[in-house]
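K.L.:
Handing you this structure, nothing more for now.
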């Protein structure tokens, strides 16, 4: 793709990134996520794409974007519009930049990637390359909370494609991701019986006491040598210090290396939470494994080689790695699609007030995505 085309594109890309960053779009703020979706939907429609809206009541709407002339799109690109930040963050900490980096809530994870994808498609159109017709894009609204509401959509759309390109951001090394641990989220609700802890404690059944037993049992499932981790990260319960707690709740995060571990771990958690230790308390477990492990396969190795060769044409040598966190790449890989993750621009400090985007990586990563689309379309 001629270098001249990319002259001054960095400023255009940053302008749209700034617009998106200055919109609060935390996972649970539907209005903000939908506002981001409307901006991007309009941009794709202006390029001739069709945007199907998968409407949601509890979360922001998901978007599926295809070109009407693309008969059988077999390259799936996935990005998410939600961030981890609460309403008001964009106002208190809006987009800013210096010579090398840009800052703002969700700029790195992953609003810059959303804009990068749009400009990669736009570049193919403006160059007269019809490979963009082979692309299907999913922009979901709940990735930061496990893609619970978009999982079925992703798995359904992935079933008909050959490749999945996940535009999660890359770290400052630029490395790609070909493996991720699996993960799950559970909530355990415990009901006991309230009583005055001084006058009639024998009449009470402590939900907090029951939960304490379960926390110890759940944490005992952790096996670092096998890559299995169980973390009860949030607990709540009770009303006053002198009242036997009638209710308690725990939020549980689990991670594992293999699908077999995922099945076994879920079974053990259900067993632990299936019967109370304190007689007279009851337990209700919700949730499950939200992301199966992303395993590197021969198909993903072939896709990786294609991406690496295109990167070399742009003067960059890219390696790959496996990491502990999950993404929507876990879902596409689990249904057998060749998947490469972390195709987005470089940066760091995701989910913090120090989150930053490496401006210099914007155009190279956009060019890389466009070139990969073109290459895969010729296979």
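K.L.:
Could you grab the relative contact order for segment 37-123? Cα pairs under 8 Å, six or more apart, rounded to a whole percent. Please list the in-between numbers first.
P.N.:
Numbers: 73 pairs, mean separation 18.5, N = 87.
Averaging sequence separation for qualifying contacts and normalising by length gives 21 percent for segment 37-123.
K.L.:
Another question, then. Given R₀ = 25 Å, FRET efficiency for residue 125-residue 22 by Cβ-Cβ distance, to 0.05?
P.N.:
So, using R0 = 25 Å, E works out to roughly 0.40.
K.L.:
In addition: Would you give the gap between the C-alpha center of segment 272-287 and the C-alpha center of segment 14-90, rounded to a whole Å?
P.N.:
A separation of 40 Å, based on Cα centres.
K.L.:
A further question on this structure: Report the paramagnetic label zone for residue 240: residues of segment 167-211 whose backbone N is under 20 Å from a point 7 Å from Cα along the Cα-to-Cβ axis.
P.N.:
192-209
K.L.:
Further question: For residue 313 and residue 50, what does the FRET efficiency come to when R0 = 35 Å and r is the distance between their Cβ atoms, rounded to the nearest 0.05? All intermediate terms of the calculation are to be shown ahead of the outcome.
P.N.:
Details: r = 32 Å, r/R0 = 0.90.
My answer for the efficiency is 0.65.
K.L.:
If you don't mind, there's one more thing I want to ask. When the scattering of the chain is computed by the Debye formula from its Cα atoms alone, each counted once and equally, what is log10 I(q)/I(0) at q = 0.08, 0.14 Å⁻¹?
P.N.:
Those come out to -0.45, -1.15, one per q.
K.L.:
To continue, here is another question. Using a Förster radius of 45 Å, what is the FRET efficiency between residue 15 and residue 226 based on their Cβ-Cβ separation? Nearest 0.05, please.
P.N.:
In this case the efficiency is close to 0.40.
K.L.:
Also, quick follow-up: Quickly work out the residue 87-to-residue 42 label distance, labels modelled 7 Å from Cα along the C-beta direction, and quote it in nm with one decimal.
P.N.:
With each label placed 7 Å out from Cα toward Cβ, I get 2.2 nm.
K.L.:
Starting with the highest mean, order 267-277, 162-172 by the number of other Cβ atoms within 10 Å, averaged over the residues of each peptide.
P.N.:
Averaged packing, sorted descending, gives the order 162-172, 267-277.
K.L.:
Three principal axis extents, largest first, for the C-alpha atoms of segment 187-291, in Å?
P.N.:
Ordered largest first, segment 187-291 gives principal extents of 51, 21, 20 Å.
K.L.:
As a test of the definition: which semi-axes, in Å, follow for segment 142-185 when you take the square root of five times each eigenvalue of its alpha carbon gyration tensor? Largest first, please. Before the final figure, lay out each step's value.
P.N.:
Details: eigenvalues 88, 51, 19 Å².
Equivalent ellipsoid semi-axes, largest first: 21, 16, 10 Å.
K.L.:
Shifting gears a bit: How long is the gain from residue 258 to residue 8 if the chain were fully straight, where each residue apart is worth 0.36 nm and the alpha carbon distance is subtracted? Please report the intermediate quantities before stating the final value.
P.N.:
Numbers: separation 250, 0.36 × 250 = 90.00 nm, distance 4.53 nm.
The residue 258-residue 8 span can extend by a further 85.5 nm.
K.L.:
Would you work out the relative contact order for the chain, in percent, from Cα pairs under 8 angstrom that are 6 or more residues apart?
P.N.:
That works out to 22 percent.
K.L.:
Just from its helices, what would the mean residue ellipticity at 222 nm be for the chain, if runs of 4 or more DSSP H residues each count -39500 (n - 2.57) and the sum is divided by every residue, rounded to the nearest 500 deg cm²/dmol?
P.N.:
-10000 deg cm²/dmol
K.L.:
Can I ask one more? Treat each spin label as a single point 7 Å out from the Cα along the C-beta direction, and report the residue 249 to residue 156 distance in nm.
P.N.:
For the pair residue 249/residue 156, the computed spacing is 2.9 nm.
K.L.:
So what is the relative contact order of segment 187-291, in percent, for Cα pairs below 8 Å that sit 6 or more residues apart?
P.N.:
Reported as a whole number, the value is 36 percent.
K.L.:
Full-extension gain between residue 97 and residue 31, please, as 0.36 nm times their residue separation minus the C-alpha to C-alpha distance.
P.N.:
21.1 nm
K.L.:
Which percent of the Cα-Cα distances in segment 1-83 go past 14 Å? If you can, show how the numbers build up before the last one.
P.N.:
Values: 2380 of 3403 pairs.
Looking at segment 1-83, the distances longer than 14 Å represent 70 percent of pairs.
K.L.:
Who wins for biggest fluctuation among 337, 254, 263 in a Gaussian network model of the chain, springs between alpha carbons below 10 Å?
P.N.:
263
K.L.:
What whole-number distance in Å separates the alpha-carbon centres of segment 316-379 and segment 148-217?
P.N.:
25
Every read-out reported here was derived from the displayed coordinates using simple, explicitly stated rules and does not represent laboratory data. All figures in this text were calculated on a predicted structure; none of them were measured in a lab. Cβ atoms come from the backbone with ideal geometry, glycine included; neighbour counts cover every protein chain shown.
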